[in-house]
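As structure tokens, the structure follows; a few thoughts come after it.
The values are calculated or read from the model by the stated rules, or taken from the named source; none is laboratory data. Because the structure is predicted, anything quoted here is derived from the model rather than measured. Cβ placement follows ideal geometry from the backbone for every residue including glycine, while neighbour counts extend to all protein chains displayed.
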Amino acid sequence: MDKLRRIAIWGVLALGALALVATGIGATMEPSHTVTREAVYSQTPREVWAVITRFDQEASWRSDVEAVQIESGHPIRFVEMNDQGPLPLEVKEQEAPTKMVLVANDPSLPFTGTWTFVLAPVEGGTRLSVTEHGTVNNPLFRFVARVFSDPAATSETYLVDLGRHFGQEVVPQAPAG
């Protein structure tokens, strides 16, 4: 029993030391990031706009959203339910059919951020750019997010899922230049 207790104590100490080191490294990392990805669709800007602004329909085409709860009132607020829990969002800006800005600014979240959607007509369709500006203030969460996740993953998944909704295969790209 004494041996098990020592192993448990050393295990707890090792985990604590690991968390302390990760927090220290996270404290040296920039808390904010910005990433942009874009894709081209054969639909018009109005057709793309009609899909991306129907928040109540997101779960039908987005692979990372299980359900959406629309809140009443203005500004437009809704909660995306995904495998990581609820994500409350607010529509901060809308200029149909060219620009929309969503904000996640809930104090219970480990991050804050905005997602800016810009639609531009191009020959044969629409270019949709999604720019994520995110901030992770907690240094431990910042370390975990930077080491174990790709900051572009959310935007890329969104763009690919939208293409799939339209019956198109798209490959999100970083903007040229």
Problem set entry | Count of residues meeting criterion [modelled with pLDDT of 95 or more and either surrounded by 14 or more Cβ atoms within 10 Å (Cβ to Cβ) or out of contact with any strand residue (DSSP E or B) (no Cβ under 8 Å at 6 or more places or on another chain) (or both)] in the range 43-76 | 23
Problem set entry | Pick from the range 135-167, criterion outside any strand (DSSP E or B) and hydroxyl-bearing (Ser, Thr, Tyr), ranking: nearest to MET29 (Cα to Cα) | SER149
For this session: Would you mind telling me which numbered condition in (1) more than 18 Å from PHE78 (Cβ to Cβ); (2) modelled with pLDDT of 90 or more PHE148 fails?
Result: (2)
Seminar exercise, completed: ALA96: passes all of (1) free of Cβ contacts under 8 Å to residues at least 24 places away in the same chain; (2) closer than 20 Å to ILE76 by Cα; (3) surrounded by fewer than 16 Cβ atoms within 10 Å (Cβ to Cβ) but (1)
Exercise. In the range 42-67, which residues are in a loop (DSSP other than H, G, I, E, B), among the charged types (D, E, K, R) and over 17 Å from GLY85 (Cα atoms)?
Worked result: ARG54
For this session: Just need a number here: residues in the range 105-115 that are part of a strand (DSSP E or B) and surrounded by fewer than 18 Cβ atoms within 10 Å (Cβ to Cβ).
Result: 1
